[in-house]
Ligand SMILES: [Zn+2]
């Protein structure tokens, strides 16, 4: 693998998803058995982290296929990531 920027991705999410950096602009939007989807708020890219394999950039449609209910998860993620997120 080279260090090139992937199609549909930017430096921010490349750093987070491939080089394990931390950046609040890249959020986990789905997390279930064998599936972890991340969304980059900087460029809008979706990532399938593929545990045991190599992270890949996917489309939103692809993300929905891999993680049914993704939109719900996005909503949950948005709420829980707020410092003063209300519960119930
Ligand atoms: Zn990005």
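The values are calculated or read from the model by the stated rules, or taken from the named source; none is laboratory data. All values reported here derive from a predicted model rather than from experimental measurement. As a convention, Cβ positions derive from the backbone with ideal geometry for all residues, glycine included, and neighbour counts pool all protein chains shown.
So here's what we get for this one:
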| read-out | value |
| --- | --- |
| Within the chain, helices (runs of 4 or more DSSP H) holding 2 or more residues that are at pLDDT 95 or above, within 12 Å of the ligand (Cβ to nearest atom) and surrounded by 13 or more Cβ atoms within 10 Å (Cβ to Cβ) | 11-19 |
| Residue list for the range 21-54, filter: on the phi > 0 side of the Ramachandran plot and touching a strand residue (DSSP E or B) at 6+ places or on another chain (Cβ under 9 Å) | 50 |
